[in-house]
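The values are calculated or read from the model by the stated rules, or taken from the named source; none is laboratory data. As the structure is a prediction and not an experimental result, all values here were calculated from the model. Neighbour counts are summed over all protein chains in view; Cβ atoms, including those assigned to glycine, are modelled from backbone coordinates with ideal geometry. Protein only, heavy atoms only, side chains kept; ligands, DNA and RNA dropped before computing areas. Shrake-Rupley method; radii C 1.70, N 1.55, O 1.52, S 1.80 Å.
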Amino acid sequence: MSRLRVLVFMGGYSTEHDVSVTSGTGVIRAMDAEKYNIHPVLIQKDGTWIWSSRELSPYQKNNFSENYFYALEGPNACSEKNPPLSALPSADIAFLALHGKWGEDGHVQAMLENWGIPYTGCGLLASALAMDKVLCKAAYLSAGIATPPYQVLYRDDFKGDDLVAAADKLGFPLVIKDPVGGSSIGMGIAKNMDEAGEIVNRLFKNSARLLCEKFIRGGEASCGYMEGLEKPLPPTEMRMTTREYFDYEAKYNGECREVTPAEFPQELTERIQQLSKKAHLAIGGAGYSRTDVRIDADGKLWALETNTLPGMTPTSILPAEAAAIGISYSELIDRIIETSLKIKR
C-alpha cells in the first residue's frame, strides 16, 4: 500500500505564527510514517517559505521541531519568498496547521484549489466568512443562531460619539476586538468609557474596523464539530483562574482550566453540540470546525465565533474532545485527512 504524500503547512504571516508552529509540530510527530510521506512547510512572517525536497525520516518525524527548518542545508534545502505551489514537492493533500490571517481566512485555500491540491478543513468561502467576525455574526443571525448584540466602528470616519453610542446601546463591560483577529489577540474588555477609548485608540492603529460587542455574563464553552463521526464531540468548559475572560494568556499560558468533557447537565451539553453543528453549517463549513459560546445566567447560548482551523497541538481543545470519545490524537489526524479527501471543493 503506497503512502499518502502530505504537505504540512505551519507558521504563517499572522500574530498566531508561533501557535501554528506548535500545532504543526504536534501533527507531524503524531502522523504514522507508515501511512504518510511527510513534507513540512514553514511559512515565515516575512513571506519566506522553507521546505525540503526530501520527506522526513522516521527519526526526524519523532523529534520534529522548528529547528528542522533552520538546520536544512545542501541540495535538498529549499527557501523562496512567496513561491508557486508547483515549486513544492507533489502531494496528495495539504494538512493546514495554520491559524489567523492569510492561513485561516481563505488565502492559502484559494491557492491550493487553484493548483488542484486537496487540503484539510473548511473551504475558502467558509474560511473567509468565519475569519471576519462581523460577517460570521450575519451568517449566524440568518440561520437563527443567537450571537451577542454588536456595533461596528470604522476608523476612517470615527468620532467619539460613535463609541458613546455603542456603549449606550451595549453597556459595560464592553468587548472591543479586531474582527479578523485570532487567539483573542487584538481585543479588550472595557469597564468604563475611559478604558473603552484607550482600547479603541490602540486597536485602530492596526485595524480599519472594530467590533463592539455586548459582554454576556456567565460561563464559556467551546465545542468541535466533525463530519462523519457516529456521535458528536463533547463540549469543553472554560473555567477562568486568574483571567476575566478566555484571552491569549488564558489559552496558552495555563491561566484557564479547560474541562473536557464539560461537567454540564446532559440537556445543556446536547444544546451546545447542536449549536456547534448549526454554526458549522451556517458558514458552509466542511470537514471540521470549533465554535465558542457563552452561556448566560438563564442558560441561553450565544455563539461568539467559529474556528475553521482550530488549534491542533496535542493539548488543544479539539484533540481533547476527540480523546474524550475514544479517538486518539493520531487517529484524529487520520480521520481529518480521510474526511478531507472526500470533500468536493
For the stretch 54-173, rounded, prolate or oblate, judged on the Cα gyration tensor with a ≥ b ≥ c (square roots of eigenvalues), a/c < 1.5 rounded, else prolate if a/b > b/c? prolate
If you count only protein heavy atoms and use a 1.4 Å probe, how large is the accessible surface of Met240, to the nearest 10 Å²? 60 Å²
At a 1.4 Å probe radius, carbon and sulfur cover how many percent of the accessible area of the chain? 49 percent
So what is the orientation-averaged projected area of the stretch 1-112, using the convex hull of its C-alpha atoms, in nm²? 6.5 nm²
Euclidean distance of C-alpha centroids, the stretch 88-121 and the stretch 316-345, integer Å: 17 Å
From the coordinates shown, Kirkwood radius over Cα pairs in Å corresponds to which of (1) 21.4; (2) 20.8; (3) 22.3: (2)
Residues of the chain: accessible area per residue at 1.4 Å, in Å²? 44 Å²
How far is it, in nm, from the label point at Leu281 to the one at Ala77 when both lie 7 Å from their Cα along the line to the Cβ? 5.2 nm
In the stretch 89-247, taking the dipole from +1 charges on Lys and Arg beta carbons and -1 charges on Asp and Glu beta carbons about the Cα centre, the listed residue (Cys223, Gly106, Ile199) farthest towards the positive end is Ile199
Inter-part distance where the stretch 271-288 and the stretch 1-53 are each reduced to a Cα centre, Å: 26 Å
Considering only protein heavy atoms, with the full assembly of protein chains and a 1.4 angstrom probe, order Trp115, Trp102, Trp51 by accessible area, largest first. Trp115, Trp102, Trp51
Calculated from DSSP helices alone, with each H run of at least 4 adding -39500 (n - 2.57) and the total divided by the residues of the chain, [θ]222 nm to the nearest 500 comes to -9500 deg cm²/dmol
Dipole magnitude (debye, nearest 20) for the stretch 81-161, charges at Cβ of Lys, Arg, Asp, Glu: 140 debye
Rounded to the nearest 10 Å², the 1.4 Å probe accessible area of Arg335 is 80 Å²
Mind ranking Tyr70, Tyr288, Tyr329 by accessible surface for me, highest first, 1.4 Å probe? Tyr70, Tyr329, Tyr288
Could you tell me which of the pairs Lys35/Lys278; Lys159/Lys277; Lys101/Lys278; Lys101/Lys342 are separated by over 31 angstrom between their Cα atoms in the structure shown? Lys35/Lys278; Lys159/Lys277
Under 13 Å, Cβ to Cβ, from Ala97 - net charge with Lys/Arg +1 and Asp/Glu -1: -3
With Kirkwood's inverse mean 1/r over C-alpha pairs for Rh, give me the Rg to Rh ratio of the stretch 267-335, two decimals please. 0.99
Could you work out the local net charge near Asp296, counting Lys and Arg as +1, Asp and Glu as -1, over the other residues with Cβ closer than 12 Å to its Cβ? +2
If ligands, DNA and RNA are left out, what is the accessible area of Glu270 with a 1.4 Å probe, given in Å² to the nearest 10? 80 Å²
With unit charges on the beta carbons (Lys and Arg positive, Asp and Glu negative) and the dipole taken about the Cα centre of the stretch 299-345, which residue among Tyr329, Pro319, Gly299 sits farthest to the positive side? Gly299
Rounding to the nearest 20 debye, state how big the charge dipole of the chain is about its Cα centre with +1 on each Lys and Arg Cβ and -1 on each Asp and Glu Cβ. 500 debye
Which order do Ser222, Ser90 take by accessible area at a 1.4 Å probe, largest first? Ser90, Ser222
In whole Å, largest first, the alpha carbons of the stretch 137-201 cover along the principal axes 35, 26, 25
